[in-house]
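The values are calculated or read from the model by the stated rules, or taken from the named source; none is laboratory data. Everything numeric in this text was worked out from a predicted model, so none of it was measured. Note that each Cβ is placed from the backbone with ideal geometry, even for glycine, and that neighbours are counted across all protein chains shown. These accessible areas exclude ligands, DNA and RNA; they are computed on the full protein's heavy atoms, side chains included. Shrake-Rupley method; radii C 1.70, N 1.55, O 1.52, S 1.80 Å.
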Amino acid sequence: MATISNLTNTLPLHFRKFKFPSSSSPYRFPLSTLTCSLPEPEPEPNTTTTTTSIPKTPNSYFPKRGQTLELLCESLAYKGKGLCKVTDTGFVVMVDRALPGERFIGRITRKKGNYAEATKVETLTPPFDIVDAPCVYVPHCGGCKTQNLLYQAQIIAKEEQMEFSFGPYKWLPKESLHERNFDAGSENYALGLHVPGFFDKIINIDKCLLQSDPANKVLAAIQECWRDPQLGFSPYNVHSHIGFLKHLMLRSGRDVTTGLPEVMVNFVTSSYKPELLKVLVDKVSAFPEVVSIMNNVNTSVGNTSVGEEEYTLHGKSSITETLRGLTFQISANSFFQTNTHQAEVLYKLIEECAGIRDGSEIVLDLFCGTGTIGLTLARSVKHVYGYEVVPQAIADARLNAKLNGIQNATFVQGDLNKIDENFGKSFPKPDIVISDPNRPGMHMKLIKFLLNLRAPRIVYVSCNPATCARDLDYLCHGVAELNIKGCYKLIGLQPVDMFPHTPHIECVCLLELVDL
């Protein structure tokens, strides 16, 4: 995981002041428009094309797998796929890396009821707002894959709707397969990012524009030596489950006293062998910005970067960052917004939506993480109660409260997907609920609790428009099949572009209780 730096520092920080819109405002979206996006199916291997001629009018409205068609991309859907239509029939086709205005030949790879998926074969007319991508990896990397779309166009598209891994083989695009040398041994090893849709394919990365310069220097230093067979390193193989190095996580922060950058290096390995890692520790600890080197040991066959055990190999076990005038300690496995520039914008917007008036308010902070949102509000309210499932995050939240001299914040470790009838008895009825769930959104148990709780105001922070739309629908309209009635009204929502050049969207939604 790395802070977003080089790309965002050259871009305007998009932020429009949150408004409580009138019925004529373009920002007032009826819930009927907040439908869940089309599902993301498993990708299929690319199909080699033998022709790029413009196909004839299809015989059927519903295209068949393998059929080539002329398509026109109208907009970007969730996760950056192009929402395209067959030019002769208007049938909807989802195409990865298609951009608005682009007319192209596509080959159908999958048929899913009332839509299909396709891969691009040949572009006939370029997109409206195409630009040169600054990153050389953009044709193949799944990270910032909308870099070749004008930034202002990315913003419009978003309003309408990292860690590195080790691998035994470098993934190469088709045009570079002739470069592969199967006899090169460790020279074929990869350290980089996953190819989109594949858990076992790694594209080797030497420099990532999402990272700070110090983090990229660390990455380059590791890339320079880790393949040396004399050092005895072996990348983890996700098929055979053999190998030592699993992931490399880089986190960036700032020294709160000097303002100088701080970098945490976290080696995720399959076993604990500090003597083996010593050569890498000695190499990266020579950088003055590296103040923490951690080792998470993950013995499971899963692809997670969180270890069952954690060891400090150099320096301290956390780095620091400043946000909205507060100091936060960030450990290896706790969540913290990577783009701190836009996090300032996001948390200011959340505070405005909370509508704090006289300081007597009780705030319930759900999915509180390291306490960033709750602690920024604690200075203006009576008390904050935060809940989070990750024990380390709760420990960090309590430490962050102590660091900032905040005594009116209580943080509790607990799984919000497994609450029972006793949940809610340990805190008074809140005036404001902040909910910032991960991508799956809120569990139905929690939604039922909130509908029974009937707090006057809910600020819902979402990183997934699909589950956001579902949860807002439940809170406002209820769930008829479960005999659950909704009791909230969506007052407004505002997207915040936390991750420029990517399809990801962060959105802040304000709901107010309706008198029934």
Hz values of 3J(HN,Hα) by residue in the range 352-359 - Karplus curve (6.51, -1.76, 1.60), Gly and Pro given as x: 5, 5, 4, x, 5, 10, 10, x
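Let a ≥ b ≥ c be the square roots of the eigenvalues of the Cα gyration tensor of the range 375-516; is it rounded (a/c under 1.5), or, if not, prolate (a/b larger than b/c) or oblate?
On the way: a/c = 1.62, a/b = 1.21, b/c = 1.33.
Oblate shape, in that a/c is at least 1.5 and b/c is the bigger or equal ratio.
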Highest average packing first - 431-437, 86-92, Cβ atoms within 10 Å: 431-437, 86-92
Alpha-carbon Rg with Dmax, taken over the range 409-450, Å: 10.7, 28
GLY386 long-range amide H proximity, modeled H, under 5 Å: ASP365, THR410, PHE411, VAL412
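When ligands, DNA and RNA are left out and all protein chains stay put, how many square angstrom of accessible area per residue does the range 345-436 have with a 1.4 Å probe?
Counting only protein heavy atoms, the per-residue value for the range 345-436 is 42 Å².
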Links that overshoot a 30 Å alpha carbon limit, given the list LYS112/LYS170; LYS81/LYS201; LYS201/LYS316: LYS112/LYS170; LYS201/LYS316
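Ignoring ligands, DNA and RNA, how do MET162, MET442 rank by accessible area with a 1.4 Å probe, largest first? Walk me through the numbers on the way to the answer.
Numbers: MET162 70, MET442 10 Å².
Order by accessible area, largest first: MET162, MET442.
Structure shown: which of LYS425/LYS448; LYS207/LYS283; LYS382/LYS402; LYS402/LYS429 lie over 22 Å apart, alpha-carbon to alpha-carbon? Kindly include the intermediate steps, with their values, before the conclusion.
Values: LYS425/LYS448 15 Å; LYS207/LYS283 18 Å; LYS382/LYS402 17 Å; LYS402/LYS429 25 Å.
Check vs 22 Å cut-off fails for LYS402/LYS429.
Any idea what diffusion coefficient the range 297-385 gets from Stokes-Einstein, in µm²/s, Kirkwood Rh on alpha carbon pairs, 20 °C, 1.002 mPa s?
Details: Rh = 15.2 Å.
Result for D is 141 µm²/s.
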By average C-beta atoms within 10 angstrom, highest first, the peptides 93-106, 62-75: 93-106, 62-75
Cα gyration tensor shape for the range 457-516, rounded if a/c is under 1.5, else prolate or oblate: oblate
Among 389-398, 239-248, 289-298, the order from most to least packed when residues are scored by Cβ within 10 Å on average: 289-298, 389-398, 239-248
Per-residue ³J(HN,Hα) for the range 398-410, Karplus 6.51 cos²θ - 1.76 cosθ + 1.60, θ = phi - 60°, Hz, x for Gly and Pro: 5, 5, 5, 4, 5, 4, 9, x, 9, 10, 9, 9, 10
With 5 Å bins from 0: P(r) over the range 204-300, alpha-carbon pairs, percent: 3, 12, 23, 24, 19, 12, 5, 2, 1, 0
For THR109, residues with placed amide H under 5 Å, excluding near neighbours: GLY66, GLU117, ALA118, THR119
Accessible carbon and sulfur surface of the range 472-516 relative to its total accessible area, %, 1.4 Å: 52 percent
Amide H within-cut-off set for ASP255, under 5 Å, with H built and near neighbours excluded: LEU260, GLU262
Percent carbon-and-sulfur accessible area, the range 213-328, ignoring ligands, DNA and RNA, probe 1.4 Å: 54 percent
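Beyond 22 Å, what share of the Cα-Cα pairs of the range 238-382 remains, rounded to the nearest whole percent?
Numbers: 5204 of 10440 pairs.
I get 50 percent for the Cα pairs in the range 238-382 exceeding 22 Å.
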Backbone HN-Hα couplings from phi across the range 500-506 [Karplus 6.51/-1.76/1.60, Hz, Gly and Pro as x]: x, 6, 10, x, 6, 10, 9
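Might you tell me the accessible area per residue for the range 456-516, computed with a 1.4 Å probe and given in Å²?
On the way: 2140 Å² over 61 residues.
Computed with neighbouring chains in place, this is 35 Å² per residue.
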